[in-house]
Amino acid sequence: MSDKVIPALNDLIETSKDGEKGFALASKESKEPELVTLFSEGEQACRTAAGELQAQVRLLGGVPEDGGTMKASAHRGWISIRSAMTSRDSVAILEECERGEDYAKARYVETLKLELPEAVRSVVERQYQGVVANHDRMRDARNRYRGSNSPRALRSNV
């Protein structure tokens, strides 16, 4: 069983590390204090998720991943380029974060299709719910920012 489980968990670790780095970059690029907080929370959630998954891999006798993927580096670079081109446009940054969470959701769904030990399944399911919640926060903030030129619109709806 661990011949499929450990690689799947390592994939989720890479995905979580990618998310951590992407949210850190989004936080750095954002000019809105509310979004900085939102992105910082996403960064911390991804960091925590990666740590939990690394512990599960160790418990299964594997060697956990400790970094992100090259594909995500390109994605993070695109966030940086796009935000620079649009004067750090909040909607563009939120769209990229939402896109990153879409990717993470898909990775979790694939892992949940596997036969996982119960303890691992519990961790992965809980983390999947966190990814969905992060995605929804990004989408909701993007929709509020898209509908208003004022950051106060975000404050009044949070």
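The values are calculated or read from the model by the stated rules, or taken from the named source; none is laboratory data. Bear in mind the structure is a predicted one, so any value in this text is a computation, not a measurement. Don't worry about glycine lacking a Cβ; one is built from the backbone with ideal geometry, like all the others, and counts go over all protein chains shown. Accessible surface is based on the protein model in full, side chains and every heavy atom, while ligands, DNA and RNA are left aside. Shrake-Rupley method; radii C 1.70, N 1.55, O 1.52, S 1.80 Å.
Would you confirm, using the coordinates I've provided, whether G61 is in a loop (DSSP other than H, G, I, E, B) and open to solvent by 40 Å² or more (accessible area, probe 1.4 Å)?
Working: in a loop (DSSP other than H, G, I, E, B): yes; open to solvent by 40 Å² or more (accessible area, probe 1.4 Å): yes.
Here the answer is yes, as G61 does meet what is asked.
Taking region 1-32 only, how many residues are outside any helix (DSSP H, G or I) and of a type outside the set (A, V, I, L, M)?
Residues of region 1-32 outside any helix (DSSP H, G or I): 1, 30-32.
Subset that is of a type outside the set (A, V, I, L, M): 30-32.
Going through region 1-32 one residue at a time, the tally reaches 3.
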Query raised in the report: Is it the case that some residue within region 147-154 is open to solvent by 70 Å² or more (accessible area, probe 1.4 Å), part of a helix (DSSP H, G or I) and at pLDDT 80 or above?
Result: no
Query raised in the report: From the set of residues in region 79-94 that are part of a helix (DSSP H, G or I) and either modelled with pLDDT of 90 or more or touching a Ser or Thr at 6+ places or on another chain (Cβ under 9 Å) (or both), which is surrounded by the fewest Cβ atoms within 10 Å (Cβ to Cβ)?
Result: A92
Query raised in the report: How many residues, within region 118-150, are under 15 Å from E52 (Cα atoms) and of a type outside the set (D, E, K, R)?
Result: 10
Query raised in the report: If you check A55, A45, which single one turns out to be of a type in the set (G, A, S), at pLDDT 95 or above and crowded, with 18+ Cβ neighbours inside 10 Å?
Result: A45
**Report entry** Search result, residues across region 118-136 that are open to solvent by 40 Å² or more (accessible area, probe 1.4 Å) and more than 16 Å from the chain's Cα centre (by Cα)
**Finding:** E118, A119, R121, S122
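So how many residues does region 18-41 have that are open to solvent by less than 40 Å² (accessible area, probe 1.4 Å) and closer than 20 Å to E65 by Cα?
Narrowing region 18-41 to residues open to solvent by less than 40 Å² (accessible area, probe 1.4 Å): 18-20, 22-27, 29-30, 32, 35, 38-39.
Of the ones still in play, those that are also closer than 20 Å to E65 by Cα are 18-20, 22-24.
Here the count works out to 6.
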